[in-house]
Every structure is written in C-alpha cells, then in structure tokens.
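A short worksheet on the structure shown next.
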Amino acid sequence: MANRELISAIRSALRAAADPARAAGAQAYLKSAMPSLGVRVPEVRGIVKGAAKQLPPGSLPELQSTVLELWRGASWREERYAAIDLTGLRLAAGEMGMLPLYEEIIRSGAWWDLVDGVSHRLCELLQSHREDMSGVLRRWSTDADFWIRRAAITAQLGAKSATDPALLAAVIEPNLADREFFIRKAIGWALRDYAATDPDWVRAFAARHGEALSPLSRREALRKLR
C-alpha cells in the first residue's frame with residue numbers, strides 16, 4: 001500500500017514552493033503538455049529528501065506503490081520528478097524489483113527529462129546484476145519504443161572504469177541508422193562520457209563505424225578529444 005502521507009507531504013511542499021513566473025518558461029522549454037509548478041530540480045530533491053526522512057516508507061513494496069501512485073496521479077511535472085527522486089532511497093538501491101517501475105517511467109514519461117532521470121538507477125542495477133541487466137539492455141536496444149532504446153544507450157553514463165564497452169557497443173550499433181534526434185544525441189553522449197575513461201576505445205569505435213555514425217553522434221562523441 002502506498003504511503004499516502006508521504007505523497008501528500010510532497011505535493012503540499014511542491015505547491016508551496018511554486019513559482020508561476022518560472023513555471024511558464026519551464027513548460028515552454030520542455031514542450032510539456034503537463035503543467036509545471038516552476039520548482040527547480042534541486043529544490044524538488046530537497047523536498048523529497050525532507051519528506052521521506054519524516055515519513056519514510058517501511059518496505060520496498062510500500063516504496064514502489066508510493067512511487068507509482070505519485071507518478072500516475074501527477075498533475076504537475078515536478079510531481080513526476082519527485083516520484084523519480086523517491087526511487088533513489090536506500091530501500092531501492094540495487095533492487096531488480098524496481099526495473100518494471102523504471103520501465104513504466106520511461107514508456108509513459110516519453111520525454112528526455114523523465115527518461116534520463118532514471119539512467120543512473122539503471123546503471124546501479126547493471127553494477128549489481130550485470131548478467132541479468134546486460135540481457136535487459138541488449139533487448140531494450142532494439143525495442144520499438146525509441147525512449148526505451150535511448151535508456152539502453154545511456155544506462156552506463158557515469159560508470160567510468162566499470163563501463164562494459166562490449167555492452168556499450170552492443171546497444172549503440174543497432175541504433176546507428178536511426179534518424180531520431182534523441183537517439184543520435186544519446187549515442188554521442190554515451191560515447192563522450194566513456195571517452196573520459198578510455199579515449200582510444202571511443203576513437204576506434206568512431207573510426208570503425210565511419211559514416212554509419214551520424215555527424216551529430218560523431219561530433220558529440222569526439223568533442224573533448226584531441
């Protein structure tokens with residue numbers, strides 16, 4: 001059962017922090033049909049952290065139910081940000097049982113700010129359950145939903161030396177021909193991120209794929225390399 005006191009506390013605090021002047025700009029920038037309260041992302045995180053400290057979920061199932069109720073019942077975009085922030089609680093760390101929830105967020109969120117909000121969660125799962133998650137990400141890399149494919153590509157952001165380059169290549173390669181901006185951007189972003197750890201691998205990947213790597217992806221991938 002969801003922790004409705006926690007949900008109510010988060011919603012109340014978000015509304016109290018609303019900035020109507022900023023909200024209009026935020027909604028226009030995100031091209032979002034869901035209205036914004038104009039609460040900055042760091043402030044949303046602070047609200048969630050404070051509310052969860054006062055009204056902590058008592059179990060993983062309670063946390064999952066709370067996240068889903070807040071996500072599905074959201075009237076404001078910041079409520080969705082708050083739902084994602086709740087998945088960062090210690091109860092959820094490394095728990096494969098959170099994967100269906102992350103998948104719902106990606107599929108129903110279907111926009112870059114929400115999809116990218118769970119990329120670090122996927123990375124945590126990969127580090128804790130490498131074999132299972134590697135299979136999941138390989139399957140996701142060919143999914144009909146390009147947001148799921150984007151999530152597969154960005155799932156190793158920040159992994160640094162723990163990055164699995166074979167997996168990185170495996171999720172990028174099926175998407176090289178995709179003309180979708182958000183896929184091409186994700187490919188470049190993922191390669192640029194790993195270039196900070198292994199620039200030679202990224203250079204070799206870019207060279208090996210030649211013109212199959214879109215100009216946008218190539219530019220992003222090599223931007224910080226000499």
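The values are calculated or read from the model by the stated rules, or taken from the named source; none is laboratory data. Only a predicted model underlies this, so the values are computations on that prediction, with no experimental measurement involved. Glycine gets a Cβ as well: all are built from the backbone with ideal geometry, and neighbour counts include every protein chain shown. Ligands, DNA and RNA are excluded from the accessible area calculation, which covers all protein heavy atoms including side chains. Shrake-Rupley method; radii C 1.70, N 1.55, O 1.52, S 1.80 Å.
At 1.4 Å probe radius, can you tell me the per residue accessible area of segment 158-212 in Å²?
With all protein chains present, segment 158-212 gives 48 Å² per residue.
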Note to self, the chain gives a 222 nm [θ] from helices alone (DSSP H runs n ≥ 4, -39500 (n - 2.57) apiece, / all residues, nearest 500) of -19500 deg cm²/dmol
By a straight-distance test (C-alpha under 17 Å), which lysines pair with residue 160 as possible cross-link partners, with residues fewer than eight away in the same chain excluded?
224
What whole number of Å gives the distance from the Cα centroid of segment 7-61 to the Cα centroid of segment 145-162?
25 Å
Highest GNM mean-square fluctuation, the chain, Cα pairs closer than 10 Å: which of 157, 86, 55?
55
Taking a straight Cα-to-Cα line shorter than 17 Å from residue 185, and setting aside same-chain aspartates and glutamates fewer than 8 residues away, one finds 113, 116, 145, 173, 193, 211, 220
Treating only the Cβ of Lys, Arg, Asp and Glu as charged (+1, +1, -1, -1), what charge dipole size does the chain show about its Cα centre? Round to the nearest 20 debye.
720 debye
Would you mind telling me which residue in 154, 66, 197 has the biggest mean-square fluctuation in a Gaussian network model of the chain, where springs connect alpha carbons within a distance under 10 angstrom?
197
Other residues with Cβ under 14 Å from the Cβ of residue 133 give, with Lys and Arg +1 and Asp and Glu -1, a net charge of -2
How high is the relative contact order of segment 99-152, in percent, with contacts defined as C-alpha pairs under 8 Å that are six or more residues apart?
37 percent
Under 16 Å from residue 53, Cα to Cα: aspartates and glutamates that are on another chain or at least 8 residues apart
5, 43, 62, 85
Leaving ligands, DNA and RNA out of it, report the carbon-plus-sulfur percent of the accessible area of the chain at a 1.4 Å probe.
53 percent
Would you mind classifying segment 37-112 by shape? Square roots of the alpha carbon gyration tensor eigenvalues, ordered a ≥ b ≥ c; an a/c under 1.5 is rounded, otherwise it is prolate if a/b is larger than b/c and oblate if not.
oblate
